[in-house]
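Structure first, commentary second.
The values are calculated or read from the model by the stated rules, or taken from the named source; none is laboratory data. Please read all numbers here as calculations on a predicted model, not as lab measurements. Neighbour counts are summed over all protein chains in view; Cβ atoms, including those assigned to glycine, are modelled from backbone coordinates with ideal geometry. Only protein heavy atoms, including side chains, enter the accessible area calculation; ligands, DNA and RNA are left aside. Shrake-Rupley method; radii C 1.70, N 1.55, O 1.52, S 1.80 Å.
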Amino acid sequence: MYAPEFEYHRAATVAEAIQLLSSNEDAKLIAGGHSLLPLLKLRLARPSVLVDIGRISELKGITISDGTVRIGALTTHWEIASSHDLEHACGIMAEAAGGIGDTQVRNRGTIGGNVVHADPASDWPTVLTALGAKFNIQGAGGSTRTVEPGDFFVGPLTTTMGEQEVLTSIEAPTLGHHQRAEYAKMAHPASGFAVVGAAVVVTVEGDVCTAARIAVGGLVPVPVRMTSVETALVGKALNQENIAEAASHASNDLQGEILGDFFASAEYRKAMAEVEIRHALFHATEVSHH
Amino acid sequence: MTTRIFGSGIRRREDPRLMTGQAAFTDDIKLLGLLHAAILRSPHAHAKINSIDTSAARAAPGVLAVYTGADTDGVLNPIPCAWLPPDSDIKAVPHPALAVDTVRYVGDGVAVVVAESRYQAEDALELITVDYGVLPSVINPKAAMDPGAPQLHEDAPNNQAFHWVVAGGDADAAFETAAGDPQNHVVVSENIIQQRLIPHAVETRSAIANWQSAMGELTLWSTSQNPHIVRFLCSLVTGVGEHKIRVIATDVGGGFGSKIPMYGDEMVTAFCSMQLRRPVKWTETRSEAYLATTHGRDHVQHVEMAATKDGKITALRVVVHAGMGAYLSTAGPGVPTILHGLMYSGPYDIPNIKGDVYGTFTNTTPVDACRGAGRPEATFLLERMIELLASELDIDPVEMRRRNLIQPFEDGHDVATGVTYDSGNYQGTLDLAMQQLDYPALRQEQAELRSHGQYIGVGVTTYCEICGLGPSQVAGAVGFGGGLWESAIVRFYATGKVNVFIGTSPHGQGEETTFAQIVSDELGVPVEDIEVIHGDTDLTPMGWGTYGSRTTVVGGGAVALSARKIKDKGKALAAHLLEAAEEDIEYEDGKFFVRGSPDQNKTIQDIALMANVAWNMPEGMEPGLEATTFYDPPNFSYPFGAHVAVVSVDPDNGHIVLQRYIAADDCGPQINPVIVEGQVHGGVVHGAGQALWEGVVYDDNGQLLTGSLLDYAVPRAHMVPDMEILSTVTPSPHNPLGVKGIGETGTIASTVTIYNAVLDALKPLGVTKLEMPLTSERVWRAIQQAKGA
Ligand SMILES: Cc1cc2nc3c(=O)[nH]c(=O)nc-3n(C[C@H](O)[C@H](O)[C@H](O)COP(=O)(O)OP(=O)(O)OC[C@H]3O[C@@H](n4cnc5c(N)ncnc54)[C@H](O)[C@@H]3O)c2cc1C
């Protein structure tokens, strides 16, 4: 619980942060510190230099315009959870943020740190995958690139981010009038992290589903799109039977590695993916569970 | 008479300082020249230490010294076990403060670094290299006794630490009768696992040792539930005279049993200070606490119960394998024996009882008391067996209990295990709880929901427990290495203000408030004029500490008796000052007056002033207004009650929701009902933790998998419902206040109450057994299996 020695720099701008990353071998960014500090204290991470981006104002804030929600990487879970504008524009984000950890964690933890840390048990990767979000990244020399979740998450604690890159913001489409979205999470009773999380975004015309994006996380190294479930759902009336039928395709989409531990085995988690998808769809469409 | 202060729910006076960060916990204390220690712990569950190289660590910046077991061995005596149940062939194997040639659990102390800062000490710790020869290990308390199991201690063949027996009546004969007459009898049996728990005090352990070499005196700040016992044992371990040791444990952030034991770490800290002649602090990290602070429970139980077909229990037979961990912790062996086996009758008439308890050594963290200590394990097995009997006989489980409850008694009831309960009215609390529940309505709702594929269940427990430890003569007879009396000084100053010095050591239970209420009630002094002092062995009189729900029963008894002595002296002095005969002096509400003429009076404050200045004392009366009492209770106390849990289970995912919890308890007269409620809340949640969320997991190699709050689920507020707390009052006939104890009842009753409720919910799905904690996956799997069957 005592971190090894490191040098500390506070960056005033993104450019300075990138410059500090480039000029120090083994340097690491620190945002809210809620994933990195535990690693330091357990001496599992030993960066020689920490570059604190916590006060860079250009990385903070939520803007909503032209059908796009743009959230600065440094925006805290609490800010996202308590944004009224966001609740209207893309309620699933506010809802997911409100279910992260506890008050202290939400007050400090940032959406950017969360996705870059790429913990399979995190909530944001799953939700952002279902939303079809985009990650805006800045690199050395002011270069920028934009990446979709599928090209961002590589595996547990690994992404395609370069060592000298900063995630600047995340963009997601606002939800239209006919769209419903929901995130259902089976939380670990100790950590509150997702054992299984299911995010659904469905478009409903009349009572028929015309489009669906569904992702699950928690049980997989990186979020998985549930394309079979989506296919089974599109064109169907969103009633209890059709939702249950569609959810039952979940295992088709879960052919890769499934995570398991002594608390929840892979087999259980796989079964729960179907249950959580069902719950999310029931809630999203207000179809009664029983 | 104004409202009595005894019985009023005034606010806890400890809270302002605790809630505003003004409390002084051990780690908050800073001394000039303070050094910091960090302890290197074994990464292996069982290994020979071939060699240790500390040279690089010694050379690291800021490091003053590095010590290993080779340095402490022979200087520090082994850490003693202080509870050795008699006639149990107990093997008090040596327990060195730092491992000498063998490590026996992950977390066993191997070396200590002392440096100018904790960071430097931690950095140096990484530079120590230890060459281990890894040995096979054993984790399960029953498997430890299997032939061929890895052996922990030469002196303890088959890893057997002890074999303790409790017997009353003739259980074997009763089971034979039952087996021979199946027409009229039924026998149920079950294997039950009481999983290992981690007590989780919010404040981890910490110690500051300050050796003043010129005086040969050792001051030890220590996070202890019983500083006087620490002083006693510290003198045995360090060889410093007990009169030269001062132990301070004023603000302690919870213990739940884990701060009863004497640990090697604190003694190593003392050793460092004595070697370096500077104050040394060691504070356990949270990660360390998982490994190095005692765990609780860890029973493998085989239980049989026999009854007649009309539901009268005739016999109980139990075999327990209780894991002790790698060494015997201070009170460890007393927990699964005295505090467990003696309660096999619970609140029931069970004429024939037999229990065999095997304590075993395993390559795990030592096991000691954990809130409830032994009694939750006894209540669990009784209540589970009664539930099984009820099911087998198709008798309503509440009715089943009613048929076996001991009838109300006011002054003593003997049970087959050989103990005498003080007083009880078990039907009373059961009636109260059932009324609150509306049992018939709930069963009806349950049936309706089931027809819609929804599952709720109800669990009802009647329990009684042994606490208020206890008569010292009995303590001696049951192998407890100390007394169990308490002492208290009530001291009045000339200004009428009062200090109460107590030997017990509250660390969250609120006795600074309730003991002031006792004195205020006895003597009519405003409660805010009374301050309770505890936790410093140089300031307070001898006491055996706070555990076993004994503080108010025994320590409170000493306080009340001291207050009464003051009253007697006050009366005599008042008579003298009022020039009346002592027989004519009456006392009421803080005033001594001449019978028939209340205007002729002296207040207790007048008396305090006159006694302190001593200008006009009666012939032969000593100055001062102060009294000391050494109180040794004639019996234990036996609080009791009935608890009810209502749960729902979602068969889709196995989720359990605790919907309602009713606790109807009887702890005798309540000094402060708000504090009583708080104790019940905490206790119930702690027990709920064992039922639903908590449990230590070791892998086969003895690595702790639940080594952090990310993996070990401690219940939080949002996981439990608003509790419905009720009570009845049945005074204990034998102690000055008639009080029982309330600190552990919640934990003792709630685990099995919730467990039985869940099994009741799952009954229509064919699930009859589950292992705790009742995780969603376990519940879901059991449902899947039952479906498949
Ligand atoms: C008790 C607890 C409970 C939690 N529960 C949950 C939960 O239920 N669900 C959940 O999803 N999460 C949970 N978390 C994680 C929490 O959300 C963290 O805040 C988050 O994962 C990391 O954000 P941070 O700002 O603290 O990042 P930091 O810890 O500061 O950084 C994490 C990593 O990201 C890198 N990084 C940070 N910002 C950037 C950036 N802009 N560009 C490039 N790299 C960057 C850092 O270098 C580091 O490697 C929990 C954490 C704790 C401590």
*Of all residues in segment A:156-201, which are within 14 Å of chain B (Cβ to nearest Cβ) and of a type in the set (S, T, N, Q)?*
A:SER191
*Just give me the residues in segment B:446-479 being open to solvent by 30 Å² or more (accessible area, probe 1.4 Å) and farther than 25 Å from B:PRO651 by Cα, in sequence order.*
B:GLN473, B:VAL474, B:GLY476, B:ALA477
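Every residue, every condition in (1) within 20 Å of A:ASP102 (Cβ to Cβ); (2) away from the ligand (no atom under 14 Å from the Cβ); (3) within 14 Å of chain B (Cβ to nearest Cβ); (4) small (Gly, Ala, Ser), yes or no:
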{"residue": "A:GLY32", "(1), (2), (3), (4)": "yes, no, no, yes"}
{"residue": "A:LEU59", "(1), (2), (3), (4)": "no, no, no, no"}
{"residue": "A:ASP66", "(1), (2), (3), (4)": "no, yes, no, no"}
{"residue": "A:ALA73", "(1), (2), (3), (4)": "no, no, no, yes"}
{"residue": "A:HIS77", "(1), (2), (3), (4)": "yes, no, no, no"}
*May I ask you to verify whether B:LEU726 is surrounded by 20 or more Cβ atoms within 10 Å (Cβ to Cβ) and touching a Leu at 6+ places or on another chain (Cβ under 7 Å)?*
no
*Pair list, Cβ under 6 Å, 6 or more apart: segment B:690-719 residue without any contact (Cβ under 8 Å) to a residue 24 or more places away in the chain and within 9 Å of another protein chain (Cβ to nearest Cβ), other residue small (Gly, Ala, Ser) and not in a helix (DSSP H, G or I)*: B:LEU710/A:ALA190; B:LEU710/A:SER191; B:ASP711/A:ALA190
*asked:* What's the total number of residues in segment B:79-93 that are within 21 Å of B:ALA292 (Cα to Cα) and touching an Asp or Glu at 6+ places or on another chain (Cβ under 8 Å)?
replied: 1
_Wholly enclosed strands (runs of 3 or more DSSP E) of segment B:184-240 bearing at least 1 residues crowded, with 23+ Cβ neighbours inside 10 Å and among the charged types (D, E, K, R)_ = B:185-197
*So A:ALA172, is it out of contact with any Pro (no Cβ under 9 Å at 6 or more places or on another chain) and under 20 Å from A:ILE71 (Cα atoms)*: yes
*(1) within 14 Å of the ligand (Cβ to nearest atom); (2) at negative phi: which one isn't true of A:LEU131, the others all being true?*
(1)
*For segment B:100-127, which residues satisfy the criterion of being touching a strand residue (DSSP E or B) at 6+ places or on another chain (Cβ under 8 Å), aliphatic (A, V, I, L, M), within 14 Å of chain A (Cβ to nearest Cβ) and outside any strand (DSSP E or B)?*
B:ALA121, B:ALA124, B:LEU125
*Among what's in segment A:79-96 and is without any contact (Cβ under 8 Å) to a residue 24 or more places away in the chain and in a helix (DSSP H, G or I), pick the residue that is nearest to the ligand (Cβ to nearest atom).*
A:GLU79
*asked:* Condition first: out of contact with any helix residue (DSSP H, G or I) (no Cβ under 9 Å at 6 or more places or on another chain) and within 14 Å of chain A (Cβ to nearest Cβ). Now tell me which residues in segment B:1-45 satisfy that.
replied: B:ASP27, B:PRO43
*asked:* For the condition β-branched (Val, Ile, Thr), open to solvent by less than 40 Å² (accessible area, probe 1.4 Å) and within 8 Å of the ligand (Cβ to nearest atom), what is the one hit in A:THR168, A:THR159, A:THR126?
replied: A:THR168
*For segment B:253-270, enumerate the residues that are open to solvent by less than 10 Å² (accessible area, probe 1.4 Å) and of a type in the set (A, V, I, L, M, F, W, C).*
B:MET267, B:VAL268, B:ALA270
_Could you check segment B:419-465 and list, in sequence order, the residues that are out of contact with any Lys or Arg (no Cβ under 9 Å at 6 or more places or on another chain) and in a loop (DSSP other than H, G, I, E, B)?_
B:VAL419, B:ASN425, B:ASP438, B:HIS452, B:GLY453, B:GLN454
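Of all residues in segment B:691-718, which are among the aliphatic types (A, V, I, L, M) and within 15 Å of the ligand (Cβ to nearest atom)?
Scanning segment B:691-718 gives B:LEU709, B:LEU710, B:ALA713, B:VAL714.
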_Of the criteria (1) open to solvent by less than 30 Å² (accessible area, probe 1.4 Å); (2) under 30 Å from B:PRO715 (Cα atoms); (3) among the small types (Gly, Ala, Ser), which one A:ALA266 fails_ = (1)
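Does segment A:9-30 include one or more residues that are away from chain B (no Cβ under 14 Å), outside any helix (DSSP H, G or I) and under 28 Å from B:TYR290 (Cβ atoms)?
First pass over segment A:9-30, keeping only residues away from chain B (no Cβ under 14 Å): A:9-30.
The next check asks that each one be outside any helix (DSSP H, G or I); those that pass are A:9-13, A:24-30.
If we keep only those that are under 28 Å from B:TYR290 (Cβ atoms) too, we end up with A:28, A:30.
There is at least one residue in segment A:9-30 that is away from chain B (no Cβ under 14 Å), outside any helix (DSSP H, G or I) and under 28 Å from B:TYR290 (Cβ atoms).
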